[in-house]
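Asks: Handing you this structure, nothing more for now.
What follows is calculated from the coordinates using simple rules that are stated; it is not laboratory data. Small disclaimer: the values here were computed from a predicted structure and weren't measured. No Cβ is skipped: glycine too gets one built from the backbone with ideal geometry, and neighbour counts run over all protein chains shown.
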Amino acid sequence: MAFRWTGRGAPRHGRRVLTILALLLGGLFGMPAFAATIDRIAIEAGRVVVHFDDRVANASSTVLDGPQRIAIDVVGVTPGRAVRPSGLVTAVREARHGDGTRITLDLAEPAVVSDGGFDGDGRELTLALQPVDEARFAAASIAGPLDFFPFNWGSRASSRYKVSIPVPPPAKALPLPRVAGDDSRPLVVIDPGHGGVDPGAIGPSGIREKDVTLRVARAIRDELLASGRVRVALTRDDDRYLVLRERFGIARRLHANLFISIHCDSVGRGPGADIATGASAYTLSEVASDKEAARLAARENKADIISGVNLGDAPADVSSILIDLTQRETMNSSADFARLLGREAKPLMPLKANFHRMASLMVLKAPDMPSILFETGYISNPGDAAFLDSADGRHRIAQSVSNAVEVHFARRMASR
């Protein structure tokens, strides 16, 4: 992680010297050269969202008994603002712990972390809390921590979410959203990122990512429906929060043919915030494919994992191979669509030079459904933010997606 010099008036070569010194001192004394700070923590309806002012290395959560608590340890981070407890959480404390910060959540009743992960740029950690009985809580307190790793910006693209204590899903699944369009057409599910307690990134003018993504998603929906070539559904059409797995889970339950998650990029505030610009698209990396295939193959209930094929009676090695083959085909289709979107968007909106990227992002991990995460621009850049928040900008984004979707499904029909 790069050291950031914030002093004014320092010459450029002086900043480089300070960077080198900071890295050397960090290595000599076993301390991080630069630490992010906890910007804020939001707690609502069983969701805990921790926002950082810079990218962080990793985090883990541990269940502690006597009294009942959940500890969130974040490496390379200093404590930040206090937060008001809510719901399952009766008190929140932050304190230095090892080479980072421990966030302690006092619980009103037994609960464990049932799902979680970082966002695309490693500045936001979201955890879902699930109430459990005393026996399950006691078992979780013995089993050890859950580890969370954000996308590693650089050559080593890797991330994972390891579940030590399996928690059964809620008895009642979320109601499925309305699907609009002709039933004979392929289905595209648009996922507006963030929402509810999680505002996402905040632009310099105060606009929130969750509001921008919802408006952009609605514009894409309207453009696609006007074409008459596909059906469309939104994972959310209001200001609500969805856990990462719920997002692509909704699309899979609807048997979607394409999943597009809408987000805005950000580099925070300060020097350089107005330099980063342009849209990009992420598809799943091969490293993530291998790990997710292994995780899926290890499930006890393998029914309906790949395109409606029941693998419940298949040997573990056979189901693992089938899942792996399916996901690799899905990854290829996702990459093809990302490149197609870049081609169609280029004359209509600002793009990054390396438009198509690969990452191990939770929201892309459906094994049998082409999926992309579309970073529509930098909300931290005033120019990009104005484009994203304008009717003309939203129309251009929607037109780009609509053109790419039309060609994508035309190619698939032609290849049959």
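Asks: From the set of residues in region 222-231 that are surrounded by fewer than 23 Cβ atoms within 10 Å (Cβ to Cβ) and not polar (S, T, N, Q), which is nearest to V49 (Cα to Cα)?
Replies: Applying the filter and picking the extreme gives D222.
Asks: In addition: Within region 256-278, can one find any residue that is basic (K, R), part of a helix (DSSP H, G or I) and surrounded by fewer than 24 Cβ atoms within 10 Å (Cβ to Cβ)?
Replies: no
Asks: If you go through region 55-69, how many residues are buried (at least 24 other Cβ atoms within 10 Å of the Cβ) and more than 19 Å from the chain's Cα centre (by Cα)?
Replies: Residues meeting the conditions: 1.
Asks: Still on this model: Looking at H263, is it under 24 Å from L125 (Cα atoms) and of a type outside the set (A, V, I, L, M, F, W, C)?
Replies: The answer is yes for H263.
Asks: Which of the residues spanning region 180-200 are surrounded by fewer than 20 Cβ atoms within 10 Å (Cβ to Cβ), touching an Asp or Glu at 6+ places or on another chain (Cβ under 7 Å) and at positive phi?
Replies: The answer is G196, and nothing else.
Asks: Being over 17 Å from V63 (Cα atoms) and in contact (Cβ under 8 Å) with a residue 40 or more places away in the chain is the filter; apply it to region 85-116 and report the residue that is surrounded by the most Cβ atoms within 10 Å (Cβ to Cβ).
Replies: G100
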